Amino acid sequence: MTATASQLLSLPYPADFIEGARSAVTTCLRIQPSEKVTLITDVQTKAIGASLAVQLEKNGCTWNAFILEDLAPRPLVDMPAEVLSDMETSEVSIFAVQVQANELRSRMQMTDVVNRRHMRHAHMVNITSDVMCQGMRADFNRVDRLSQQVLDRVRRAHRIRATTAAGTNIVSEMNPGYKWFKTSGIISPEKWGNLPGGECFTSPGEVNGTFVVDGVVGDWLCARYGLLAGTPLTIEIRENRIVSCKSKNKQLEADFWEYTHTDENSDRVGEFAIGTNLGVDHVIGNILQDEKFPGIHIAFGNPYGEHTGAPWRSSTHIDVVGLGFNIWLETDEGEEQIMRDGKFLIAA
């Protein structure tokens, strides 16, 4: 056993973490005793890392652990070579870390290995005590059933309309050449997933309209600005590109505009998703959990083209979450409403 693994096993952690950690190892990742696992954490998240380490040890699998600050200064420029090398011989990886600004490149280096080797990967970015005690305690088998119901419907849709009382009014034309995926918390080699899970996503053909972000924004802006109910961000989208964004919080407005103009595709809608985690009943200011809140979130930037089939790329990816959606799917058979005022109209 490595020194880092021994260190994590010796650390205390709240008893409330046990259920979420066990769910990650046994239900979501379905780790077998014959498999090898790479566990990656950091100093700020090491109590959660410790709870996961204990479950891995109980599982009987082979596993190695890494604390990022032991290997390289933060924010990371690149994912440490020791981590990437260990992943090359693992079937499963877990990334439970607090993000810092400008670290997306290093995370993409890690997921490039995951994608190439078809690993089962749990992405627990910005995991917190609240998430361990809320979203990670969801019944992921039930979330998976609902996600499959949603997936079966959206794959047939050629257009999705959505509105909210706050002013969102968007239409997304879907591209039949792009694939839909569910990341319900049950992780497979087909697509790595965030934990807690609970969404169906694709890259859209073209989005037009107004999206009012009265939930949260993603990446490092989430920690800085938290819940946006009092200072929502209104984004105007035309032909899949941001044309304007406005908020009473001018610093939020400026930071979001700068982030979404990092490269030529940073302002392009790369992801269109429907949250399906029935264990999440309110946003908490943490994008890892909040993007799973039942409703729609979209992301500007990287479309995860290696999965969706979108042929373009971006160095950035930022999610935006709204609240209280009405959602209609338009298919060859007609129109179906699947959500009213934030509540699903289809059974799990």
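Placing +1 on each Lys and Arg Cβ and -1 on each Asp and Glu Cβ, with no other charges, gives the range 197-270 a dipole about its Cα centre of roughly 280 debye. Largest first, the three principal axis extents of the alpha carbons in the chain are 56, 41, 36 Å in whole numbers. Taking 0.36 nm per residue of separation and subtracting the current Cα-Cα distance, fully stretching the chain between GLN251 and ASP139 would add 36.5 nm. Within the full protein context, the accessible area of LYS250 is estimated at about 130 Å² for a probe radius of 1.4 Å. Structural descriptor for the range 1-133: relative contact order 30 percent, calculated from alpha carbon pairs under 8 angstrom and at least 6 residues apart. Scanning the chain for GluC sites (Glu not before Pro) that sit in a DSSP loop and have at most 13 other Cβ atoms within 10 Å, the longest stretch containing none of them is 89-189.
Taking every protein chain into account, the accessible area of the chain amounts to 39 square angstrom per residue (probe 1.4 Å). Would you give the gap between the C-alpha center of the range 204-253 and the C-alpha center of the range 122-186, rounded to a whole Å? A separation of 19 Å, based on Cα centres.
Using 0.36 nm per residue and subtracting the Cα-Cα separation, the extra length available between ALA101 and ALA229 on full extension is 43.7 nm. The GLU82 and SER315 beta-carbon pair, evaluated with R₀ = 30 Å, returns a calculated FRET efficiency of approximately 0.80. Multiplying the residue separation of ARG156 and SER129 by 0.36 nm and removing their Cα-Cα distance gives an extension gain of 5.9 nm. Roughly how tilted is helix 104-117, in degrees to the nearest 10 and between 0 and 90, from the longest Cα axis of the chain? Its long axis makes an angle of about 80 degrees.
Below 8 Å between Cα atoms, with a sequence gap of 6+, how large is the relative contact order for the range 143-294 in percent? Result for the range 143-294 is 23 percent. Along the charge dipole of the chain, Cβ charges K/R +1 and D/E -1, which of ILE274, ALA299, LEU39 sits furthest on the positive end? Comparing the listed Cα positions along the dipole, ILE274 ranks first. Sorting THR163, THR89 on solvent-accessible area from highest to lowest, probe radius 1.4 Å, gives THR89, THR163.
Cross-link reach is defined here as a Cα-Cα straight distance under 28 Å, omitting same-chain residues fewer than 8 places apart; for LYS36 the lysines meeting it are LYS46, LYS58, LYS182, LYS191.
Between LEU233, LEU195, LEU11, the residue with the greatest mean-square fluctuation in the GNM of the chain (Cα pairs under 10 Å linked by springs) is LEU11.
Taking ARG116, ARG137, ARG156 in turn, the Gaussian network model of the chain (Cα-Cα springs below 10 Å) assigns the largest fluctuation to ARG116.
Comparing mean-square fluctuations of ASP16, ASP319, ASP70 from a GNM of the chain with C-alpha springs under 10 Å, the top value falls on ASP70. Over the chain, DSSP H runs of length four or greater, each weighted -39,500 (n - 2.57), average out per residue to a 222 nm ellipticity of -7500 deg cm²/dmol. Rounding to the nearest 10 and keeping the result within 0 to 90°, find how far the Cα-based axis of helix 140-154 lies from the longest principal axis of the chain. Approximately 30 degrees, to the nearest 10. Convex hull volume of the C-alpha atoms in the range 35-167, normalised per residue: 177 Å³.
The values are calculated or read from the model by the stated rules, or taken from the named source; none is laboratory data. Keep in mind the model is a prediction, meaning the values are calculated, not measured. Positions of Cβ are generated from backbone atoms using ideal geometry, with glycine treated the same way; all protein chains shown enter the neighbour counts. Note: accessible area is taken over every heavy atom of the protein model, side chains too, but ligands, DNA and RNA are not part of it. Shrake-Rupley method; radii C 1.70, N 1.55, O 1.52, S 1.80 Å.
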